[in-house]
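Visitor: I have a structure here, written as structure tokens, and I will follow up with some questions on it.
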Amino acid sequence: QVQLVESGGGLVQAGGSLRLSCAASGSIFRINAMGWYRQAPGKQRDLVATITSGRSTDYADSVKGRFTISRDDAKNTVYLQMNSLKPEDTAVYYCNVEARTWRGNNGNYWGQGTQVTVSS
């Protein structure tokens, strides 16, 4: 059992910044990769950024240079710092965690999603 709670979404003007947080809790033995995805109305859910336990990162081309993903393993939390926001960044943002539970199961877990709206 792993649950993810997201926070930090909201309304911001173009050029502004937001910081998303996602805290994992439950029967966690080890967290491997953590990431953020987003989905705009009528669009598919796309990868935004990922970070491994070794702090290796990967970003979608559309956000590279503007967004930064980080993690705090002591808090089982992943963050997404979003700078220079554009209207096209408007979407529901979901966090994802790949984790092994104390029961020995490996799996992927999703947060509930948080709305990010960027006005022009």
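The values are calculated or read from the model by the stated rules, or taken from the named source; none is laboratory data. In this text, all values refer to a predicted model and were calculated from it rather than measured experimentally. Cβ placement follows ideal geometry from the backbone for every residue including glycine, while neighbour counts extend to all protein chains displayed. Just the protein is used for accessible areas: all its heavy atoms, side chains included, with ligands, DNA and RNA removed. Shrake-Rupley method; radii C 1.70, N 1.55, O 1.52, S 1.80 Å.
Visitor: In the stretch 70-91, how many residues are touching a residue at least 60 places away in the same chain (Cβ under 8 Å), open to solvent by 20 Å² or more (accessible area, probe 1.4 Å) and part of a strand (DSSP E or B)? Steps first, answer last, please.
Guide: Within the stretch 70-91, the subset touching a residue at least 60 places away in the same chain (Cβ under 8 Å) is 79-87.
Remaining after also requiring open to solvent by 20 Å² or more (accessible area, probe 1.4 Å): 79, 81, 83-84, 86-87.
Narrowing the set further to residues that are part of a strand (DSSP E or B) leaves 79, 81.
Adding up the residues that qualify gives 2.
Visitor: Here's a follow-up. Identify all residues within the stretch 11-51 that are closer than 15 Å to Gln115 by Cβ and β-branched (Val, Ile, Thr); write none if there are none.
Guide: Val12, Val48 - these are the residues of the stretch 11-51 that are closer than 15 Å to Gln115 by Cβ and β-branched (Val, Ile, Thr).
Visitor: Considering the stretch 53-69 alone, what residues qualify as being open to solvent by less than 60 Å² (accessible area, probe 1.4 Å) and under 13 Å from Leu20 (Cβ atoms)?
Guide: Val63, Phe67, Ile69
Visitor: Quick check on this structure: which one of Arg38, Arg30 is loosely packed, with under 13 Cβ neighbours inside 10 Å and part of a strand (DSSP E or B)?
Guide: Matching residue, one of Arg38, Arg30: Arg30.
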